[in-house]
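Below is one structure, written out as structure tokens; the observations come after it.
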Amino acid sequence: MNAIMDALQGFGVSTTHYLQTNYADAQGLFLWVSWAADLRNTFFIFFPLWFHLRSSVGVKLIWVAVIGDWLNLVFKWILFGERPYWWVHEASYYANSVRPNIEQYPMTCETGPGSPSGHCMGAAGVYYTLVTSILAIMTTKKKYTPKKSSNKDWYLKAVLWTLFWGVQVNVCLSRVFIAAHFPHQVVCGVITGIIVAEAFNRTKWIYGASMKNYFYITLFLTSFAVGFYVLLRLVGVDLLWTLEKAQKWCVNPEWVHLDSTPFASLLRNMGTLFGLGLGLHSPLYTETKKSSSTLVKAGCIISSLLLLHLFDSFKPPTHTVALYYLLSFCKSATVPLVTVSIIPYCVNTALGLNNKKGL
């Protein structure tokens, strides 16, 4: 089994070396794709945009992203996947040959295990949700004759699914290019992301989940992950074994970020889910959710994107790990809470005041 994995990972390193050697000019594109595929952009861009256009799509995006990333964490802890940028230095696979020279980049030095790829899993889940949601919305609004409707639906599906797979291929290539993942890890990430998204396409109760549901699910997911870590630690298995490797083999210590650690990811996701529950069950949301004018939606989208962009510039201090995790949870919870309840309330109030002034 070890020989098979070594051969698979050796092929992956060769692939990374080939891409870095022959497509060095595409470095900027690959780095941008890796940045764009980060789940942070789902929370700060896709969610506020889609929630105000169609709230059910926004809610589903959060559930797919959060549950998918939580599963990704559990899978990584179970599978103990290596990463190319440290494996190439430690593997006995190159005992009788020259080790390939693998370049590193600011986004290379992820600190968690490598399998499956979180970026690929998240991108597959989020974009699969967007494509299927758009198709569901567009096909239910068709008023053409059956033949014309069928042709237009086919073209729409062809375009959207071509874009979907184009995005997935580029995300996979970018993660392999920067030596953050092996090819088999990115493929596994895409497959599991699609499975998670399809599962939520068939799940309806999330749209009517109570605040109690959000609280208990957040508590369960957090407790399960922490309990799993503690249990394995008690039997001598350190699930944070990758942090030492990242610190040892990353060529620039500044590229090893606390926000890429497993528990930082866990608390960000749990904060986002809990904040969504708070927002959806806030009196402010209840008061404003019936406002459906184009002006209100446009105001909410623009305000959300601008405010969250400014809010994202706030980085919790990293000198105390516990404080960093606590502030990360609170920051993540604030994003959906502000998007769902506070901004719509402020926009409606402002438009109401303008209307009164105009009378």
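The values are calculated or read from the model by the stated rules, or taken from the named source; none is laboratory data. Just so it is clear, the model here is predicted, and its values are computed rather than measured. So basically every Cβ, Gly included, is an ideal-geometry build from the backbone, and we count neighbours across all protein chains shown. Heads up: the accessible areas ignore ligands, DNA and RNA and are worked out on the full protein's heavy atoms, side chains in. Shrake-Rupley method; radii C 1.70, N 1.55, O 1.52, S 1.80 Å.
Within the stretch 237-286, can you find the residues that are acidic (Asp, Glu) and either in contact with a Gly (Cβ under 8 Å, 6 or more places away or on another chain) or without any contact (Cβ under 8 Å) to a residue 60 or more places away in the chain (or both)? Of everything in the stretch 237-286, those that are acidic (Asp, Glu) and either in contact with a Gly (Cβ under 8 Å, 6 or more places away or on another chain) or without any contact (Cβ under 8 Å) to a residue 60 or more places away in the chain (or both) turn out to be Asp238, Glu244, Glu254.
The set of residues in the stretch 53-75 that are modelled with pLDDT of 95 or more and charged (D, E, K, R) comprises Lys60, Asp69.
The stretch 271-359 holds helices (runs of 4 or more DSSP H) entirely within its bounds, and those carrying 1 or more residues that are at pLDDT below 90 and over 25 Å from Val66 (Cβ atoms) map to 283-288, 294-312, 343-358. All conditions in (1) touching a residue at least 60 places away in the same chain (Cβ under 8 Å); (2) surrounded by fewer than 16 Cβ atoms within 10 Å (Cβ to Cβ) hold for Lys297, with the sole exception of (2).
Answer yes if at least one residue in the stretch 103-123 is closer than 10 Å to Ala179 by Cβ, open to solvent by 10 Å² or more (accessible area, probe 1.4 Å), in contact with a Cys (Cβ under 7 Å, 6 or more places away or on another chain) and polar (S, T, N, Q), and no otherwise. Yes - at least one qualifying residue is present in the stretch 103-123. Selection over the stretch 71-90 of residues that are open to solvent by 30 Å² or more (accessible area, probe 1.4 Å) and not charged (D, E, K, R) gives a count of 6.
Taking the stretch 156-259 and the helices (runs of 4 or more DSSP H) fully enclosed by it, the elements with 2 or more residues that are basic (Lys, Arg) and farther than 18 Å from Trp35 by Cβ are at 211-234, 241-249. Determine whether Asn151 is touching a residue at least 12 places away in the same chain (Cβ under 8 Å) and open to solvent by 10 Å² or more (accessible area, probe 1.4 Å). Criteria not met by Asn151. If you go through the stretch 256-270 and keep only what is open to solvent by 60 Å² or more (accessible area, probe 1.4 Å) and modelled with pLDDT of 90 or more, you end up with just Arg268. Residues to consider are Leu232, Leu240; find the one that is within 16 Å of Gly114 (Cβ to Cβ), open to solvent by 30 Å² or more (accessible area, probe 1.4 Å) and aliphatic (A, V, I, L, M). Going through Leu232, Leu240 in turn, the sole match is Leu240.
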